[in-house]
Structures are given as C-alpha cells and as structure tokens.
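Down below is the structure, laid out as structure tokens.
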Amino acid sequence: MINTRRYNRIIAVLSGALLLFFPIYLLIKTYVVPVQPEVNQAPQFVGRETCVECHLQEYNDWLGSHHDRAMDPANDSTVLGDFNNVTIQGNGMTHRAFKKDGKFMIHTDGADGTMQDFEIKYVFGFTPLQQYLVEFDGGRLQTLPLTWNSVDSVWYHMVDSIYKDQPIDHNNWLHWTNQAQNWNSMCADCHSTNLQKNYDVATDTYHTTWSEIDVSCEACHGPASNHLKWAALPEYARDGYENTGLPVKTSGINNEQYVDNCARCHSRRSALGDLDYSSMNIYDHMIPSLPDVPTWHIDGQILEEDYVYASFTQSKMYSKKREVKCNDCHNVHSGKLLFGTDYNKLCLQCHVGEIYDSPKHHFHKEAGMAGEAVISQVGIKYEVGSGTLCINCHMHGQYYMGVDYRRDHSFRIPRPDLSIKYGVPNACNQCHANKSNEWSESYINQCYGKSRAFQFSEAFDDARNGKPEASTELMSMIDDELYTRNIRSLSIQYLGAYFQDSLKTEVEDYLGNLYPDIRLASLRAIQLTDQKELDLIYPMLYDDTKAIRTEAANTLLSAGVEIPSKHQKAYDKAISEYKQTLLYNADFPTGKYSLGNYYYYTNDLAKAEQFYRKALEQDQELHFINLNLAFVYSKLGKNELSESTFREYFKYNDSDAAALYSFGLLLSEMKKYDESLQYLLKSYKLSPNRPRVAHNIAMMYDFMGNKTEAEKYLTKEIDLVNNYNSSSELLRFYLSNRMVMKARNLAQQMKKDYPDVAELDQVLESLN
C-alpha cells in the first residue's frame, strides 16, 4: 500500500520548491538572453512596413517624396499624364496617348520605325516630369521619349528637348527602343530597392529583380533583418549588434562617409557590379567620374547630366575645414530643403548674416525696390530681389531632360574672367543674359576689386595647351590638401597625360596614398615605358579596393606582360574580378567593346570579333571599334576584311596617325606598295616624331628604287632617336647600295660613338 501521509509530504515539498523557484525561472526566461548565433548572419531585406512602428515620423516624411515615387506600376493613382485620346507632336511625327481596356497606351514609332501601340507598364518619377516604361522581350523595360511635364501639365517629346540637332530614328542607339533608353542598365539601380540587374551576356537578356519598386528605407540603410532582431531585444542585450544591426551607418560619421552614402545614385559614375552593402567603400562597387571635359566645363561646372556628387566634392563646403553634409541642407527622408523657400537661412546656419546677407556683399536690389525683372539664359524670370538669394549667385544651374532645372552644387564664386578666357558659364550672365561677360567682369571689379584667386581650370588649360609651367602648377595642386581630392586626382591624371616625366618622380607616393581615388587616378596616369613603372603596378593587385585591383589587372593585361610567379595568384584573382565587371556591363555597347578588348588581349580573337560586332550593332556611331576589328582581322590573316574595316574607320577619323601607319603596313603586306607609301607618309606628316614610321618609309622608298628619299628618311630616324640601331640601319643602307664614301664616314663616326662594337672594325676593314 502507498503511504499516503508520506506521499502528501513529498507533494507539498515539491510544490513549495516549485513556488519558490518559479519566479526565478521567469526572471531567467525574461532577462537572461541566450547567445545570438544570428548576429553575424547575412542581413535580408524585410520591407518598409517593418520600419513604420518605430520610425513613423521618418516614414511620413518619406511618403510621397521623390524617393517614394521614383517608380510605380502604371495605374489610375500613379499616372499623371493625359491619356484621354490626345495627340502629341514630336520628333516630326504624330503620336497618341489613350486608354484601352483600362490600360494606359501610347501610339508611337517602334523598333522597326513603324507606328504601333504600346502598353505603359510602369511610371517613372512624378515632378517636374514623369516618364513611362514599356516592357519588351528579354526582360527589357524601355523609356518612352513622350514625357509628361507635370508642372505645366503638357506632353513633350524628349528628342525635341535634348537632341534638337540630331535626327533620332529607330536605327539610332538613342532611339527609345535601343540601349541608351534601357531601364535595366541606365535607370534601375537608382529607382528601386535591392536592384539586381541579372544580365545574361550569353542570351543578351535580363532577369532584373528588386525588393521594393521604389527607393525605400533599405535602399539607404541596407537590409534590415538584423536590425529587427536588435529591436526585439531588451536594451542591455543589444551589444552584439554593431550599428543596431544595420549594414550602413548614417550617424556618427564624417561628411565624407555621409556623402558617399548618397554617391551611388547622385553621381555620374561607372558600375563595378550590383551594390554590395557589406562594403561601404564606394570604390568596391562604383567609380565616380572626375569633373573633367567634355562632360563638365574645364572649371568643374556641370555641363552634361553630371548630378551633384562631383560638384559638391569639389566645393569648399565639402572640404575638411567645413565638412558640410547633405542633411545640413536637406531633410534626407523627404528630400526637401530644411527651411522651405527661405533659401538664405540654409547658408546662414554657417555664414554670418550681417556680412553675407547684406547689400555690401551681394550688391543687388532687395525685393520691393524699383526695377525690372530679367530673363535668364535658360528662360527663368528673375524678379527684383532675386539677386539677394545666395543660390542664384553661388548655385546657378541649367535644365536637363527638358524641364528639370538642377543647380550646380559646387558653390562657386562667380568668375566672368574665366568665362572670357575659357567660355565657361558664370552666374552673372546666367541672369543678365543681355549683358556681356566683360560687363559682368567690370561690375565685379567695381564691387570686389580686381584680385582673383587661382582656379584649377587655369592649370588644366595650360596643360592642354602644352605650357611647361602647368607641370609645376599641377604638382602644387596635388600636394595641397586645400584642394578637394577629386581635383587633386584630376591633377594627377593631367600630369600623367601631359607631363609623364614629372609624374614618374612622384607616382610611387601617390600610389601609396591613403585614399582610393588618389591611388586609382595615379594608376590610370601611368604609361608603362620601363620595368620600374611595371614593378609599381604589381603591388596594386593586392589593394583592398576592388576598383584598384581590377584597374591594375587591366593595365597588366593590356601591356601583354608575363606575370611573375610570385604575383600570379593575385593577378588571377584580380583579372577574374575584372572579367566579372566586364560581364556585368556587357549589356551596354561600350561594355561589349571593353569585353572585346579583354578577349583580344587574351588572344581569344573569335570572341573579340563577336563582341566588337555586337557593340557596333547596338551603337553604329562607335566608329572607333572598326579599328579594333581591323586588327582582329589582320591577326586572323583576313587581310581583305581588315583592309575594308580600316577604310570604314577612316571615313570618320582620317587623322589617326597610328592607325594610318598600321594600315600602311597592311597594304605593304598585301603588295599594294604605292598606296602603302601614301598612308605611311600621311602618318608621318601627322606625327613626325615617330622614328619607326620614318624607318618604314625609308624601306619603302629603298624597295621602290628612290634612294635619295630613302636616305633622307633614315637620316630623319637618326634625328629622332640617335642610337646604335638607327645608325646601323643607315650604314646597312649605304653598304647595300655601294655608297662606299658615305658608309666609311658613318662607320668611322659610329666607331667613335660606340668603340666597343667589334662589328664596326670588320666593316671599316672591308671598306678600307
């Protein structure tokens, strides 16, 4: 039998123990957090709705912003344009916008030039303009040129606004059905979140995906799954998560890091691949363009669609002294200016109003004073008082895409004197369009005096015009940290292009610079002329930045050098990265061209030809590719095809001395001697400092029996490069043509110059 009394005591003790330890258990369960193995897991995209609960104010700011409305499916709530069966005149044709079965449709010229109906799949942006996307086979989305001006509520044709002087038909690569207007490569990565382009070079198709159709929270902050885990933990248990679990830091960073967060979309750039949030070094996934001609003015002002990064990063606002960031002027969630239309208040956050927001500084009439409005160069009406606004003197701009006025973010001082020298714009004449640059310069002299600070454009222009003092100017700018790094980087490239000897003395230090943009510019500036320069390239294969590793690999590949065994592994890795970058960009015609170059240098001539031809098919105006094709055909022994391709190239560039020389050699190989000589002579006339050209001309004259001209050009060769080889060529000519006296005199002189050459003793003995 069971002892009931004892059993009850046991139950009572256990119950008491349970009551005693249960609160402790609850405390442990509630507050003791197990090790979080998920902390280091790769973050995933979770969508903006997960952000709303904690970040409602930021979400509400973002809602309806340019980022929010960057892209949307086409429907009654997103389409702003008039599709009520309206006709639109543009590019010499009549188009029509209408609705059919609830779908938004456009009747316009298609890929074959015929008028067709197209369904609008997506809308792009909302103000000051809205564009429309049409879906094509192969995963392509194409941007229609028929555009809605949402400010004035009218249709316009993009060709009439941007390409006024160019006939854009269906064969032109700028036509809306061709690659220049392709969404996948030209627009997508900056208008959607977690964009993966997924271009398949083998099939020439796209499988482009995104997490969210517009520019949402995670586009800037990175995938937020780990941030959600962080937020779910009690405060004391969050230490294992760096930056609250978000991959991108947006606070507690300097202005350079902050601006770089925006650079991947707000810059003119080339892409190295889809954005990798695990690296916040922008040079691991893109290369910002430097503000140089022809896409910028020579003084760094915007010219083409340059966006704001290269402008802002050359400004004094961005410099170490001021360290201004984007959010000092913009609400980064709404994109709006912090103080609405009180523009000067933005500047007065730093600049003293009594000094700068004063007639003693701007010398313009205040609003309400007597006077007349002026019409600017771009058609903007400036009322009296507009001249007191800081942005109108220091941030003038121009229209892009027809109706989108964008201000230059380099915050420059108006310089009519540079306009007079170089033809660049200035703020004074942007507003006072009826006045001359000289009038503006005279006015500034009266107000501010005649003294002007040195501007980097002066050094760049001196370099382009071959002035020797430019070398010193450029080196001074490179070493002066008062200049921003993109201007210093550009100075390095100018030094390499125009003063290679000066670059050689400093380039090793530049390659070791802390900043990737300086290192990249230095690497690109090197011209491989000797082993010492080659030895500088190999260490760059180990750089911690992708842009530099791939540039080094490309440089070595193009040079055709044999890689030392100790660097082979690093080279193989870097060249593989470089090839992946080429494949990523191969949807673009210049990308196909670069991929063709890769295969040319790796001696895969069939693939080189394939991608050169594909590039030309996409953009028939890339005539320079014919030159590469001509070399491919020559290597393949297809001389007739090489000849015809050379001739096609010369239709558009008949002053390429190097190409003319190569063509002359090809014609000689084909036994077309008279024509060969003509091209060699033309090459020499265009570039008379190339000794090898002079030598081949001499050989051709010798072969054709014109000994006088042959001797003349062999002498020219010696004038250009006076060494043993050039002299021995002339000596050989004299000997073979039995010009004994000239041969003896030359041999005697050579013996004085090269006393250790035993061969000359034999020649002199035979001549004597």
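The values are calculated or read from the model by the stated rules, or taken from the named source; none is laboratory data. Keep in mind it's a predicted model, so treat the numbers as computed, not measured. Ideal geometry is used to build each Cβ from the backbone, glycine not excepted, and the neighbour counts take in all protein chains shown.
A few remarks follow.
- The set of residues in the stretch 231-254 being assigned to a loop (DSSP other than H, G, I, E, B), surrounded by 14 or more Cβ atoms within 10 Å (Cβ to Cβ) and not hydrophobic (A, V, I, L, M, F, W, C) consists of R238, G240, Y241, P247, K249, T250.
- Residue check for A219: crowded, with 17+ Cβ neighbours inside 10 Å and within 30 Å of S457 (Cα to Cα): no
- Residue match in the stretch 253-274 (condition: within 30 Å of C350 (Cα to Cα), touching a helix residue (DSSP H, G or I) at 6+ places or on another chain (Cβ under 7 Å) and at pLDDT below 95): yes
Residues checked against (1) over 24 Å from V693 (Cα atoms); (2) at pLDDT 90 or above:
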site: A710; (1), (2): no, yes
site: F733; (1), (2): no, yes
site: A743; (1), (2): no, yes
site: Q749; (1), (2): yes, yes
site: L760; (1), (2): yes, no
site: V763; (1), (2): yes, no
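- Qualifying residue in the stretch 466-484 (condition: hydrophobic (A, V, I, L, M, F, W, C) and either in contact with a Gly (Cβ under 9 Å, 6 or more places away or on another chain) or over 29 Å from L514 (Cα atoms) (or both)): no
- Test: residue in the stretch 594-602 that is in contact with a Phe, Trp or Tyr (Cβ under 8 Å, 6 or more places away or on another chain), within 18 Å of V201 (Cα to Cα) and either among the β-branched types (V, I, T) or not in a helix (DSSP H, G or I) (or both): no
- Residue count for the stretch 617-639, restricted to those that are among the aromatic types (F, W, Y) and either in contact with a Leu (Cβ under 7 Å, 6 or more places away or on another chain) or assigned to a helix (DSSP H, G or I) (or both): 2.
- Residue match in the stretch 659-680 (condition: under 29 Å from the mean Cα position of the chain (by Cα) and not in a helix (DSSP H, G or I)): no
- Scope the stretch 559-581; condition under 12 Å from Y538 (Cα atoms) and either under 23 Å from the mean Cα position of the chain (by Cα) or hydroxyl-bearing (S, T, Y) (or both); matching residues: S565, Y571, A574
- Contact annotation: residue pairs with Cβ atoms under 8 Å, 6 or more positions apart or on different chains, pairing a residue in the stretch 345-374 that is assigned by TED's automatic domain parsing to the domain that holds H432 with a partner that is outside any helix (DSSP H, G or I) and loosely packed, with under 11 Cβ neighbours inside 10 Å, are A373/K381; V374/K381; V374/N434.
- Answer from G273, G252 - the residue that is at positive phi and under 18 Å from the mean Cα position of the chain (by Cα): G273
- Total residues in the stretch 95-138, condition in contact with a Ser or Thr (Cβ under 8 Å, 6 or more places away or on another chain), within 19 Å of Y163 (Cβ to Cβ) and of a type in the set (S, T, Y): 1
- Residue list for the stretch 154-164, filter: farther than 21 Å from Q179 by Cβ and surrounded by 20 or more Cβ atoms within 10 Å (Cβ to Cβ): Y156
- Screening L228 with (1) assigned to a loop (DSSP other than H, G, I, E, B); (2) at pLDDT 95 or above; (3) surrounded by fewer than 21 Cβ atoms within 10 Å (Cβ to Cβ); (4) of a type outside the set (S, T, N, Q) gives one miss only, at (1).
- Filtering the stretch 152-211 to residues that are assigned to a loop (DSSP other than H, G, I, E, B) and within 15 Å of D109 (Cα to Cα) leaves P167, I168, D169, H170, N171, N172, W173, L174, H175, W176, T177, N178.
- V151 fulfils the conditions (1) crowded, with 21+ Cβ neighbours inside 10 Å; (2) closer than 17 Å to G402 by Cα; (3) among the β-branched types (V, I, T) except for a single criterion, (1).
- Candidates in the stretch 49-81 are the residues that are in a loop (DSSP other than H, G, I, E, B) and of a type in the set (V, I, T); of these, the one that is farthest from H333 (Cα to Cα) is V79.
- Hey, D68 touching a helix residue (DSSP H, G or I) at 6+ places or on another chain (Cβ under 6 Å), at pLDDT 95 or above and either farther than 23 Å from V123 by Cβ or among the charged types (D, E, K, R) (or both) or not: yes
- Condition check for Y283: crowded, with 19+ Cβ neighbours inside 10 Å, aromatic (F, W, Y) and either within 24 Å of the chain's Cα centre (by Cα) or closer than 22 Å to S185 by Cβ (or both): yes
- Given (1) touching a Pro at 6+ places or on another chain (Cβ under 8 Å); (2) buried (at least 17 other Cβ atoms within 10 Å of the Cβ); (3) under 29 Å from F456 (Cβ atoms), number of the condition E438 does not satisfy: (2)
- Restricting the stretch 448-470 to residues that are part of a helix (DSSP H, G or I) and in contact with a Lys or Arg (Cβ under 9 Å, 6 or more places away or on another chain), the residue that is surrounded by the most Cβ atoms within 10 Å (Cβ to Cβ): A470
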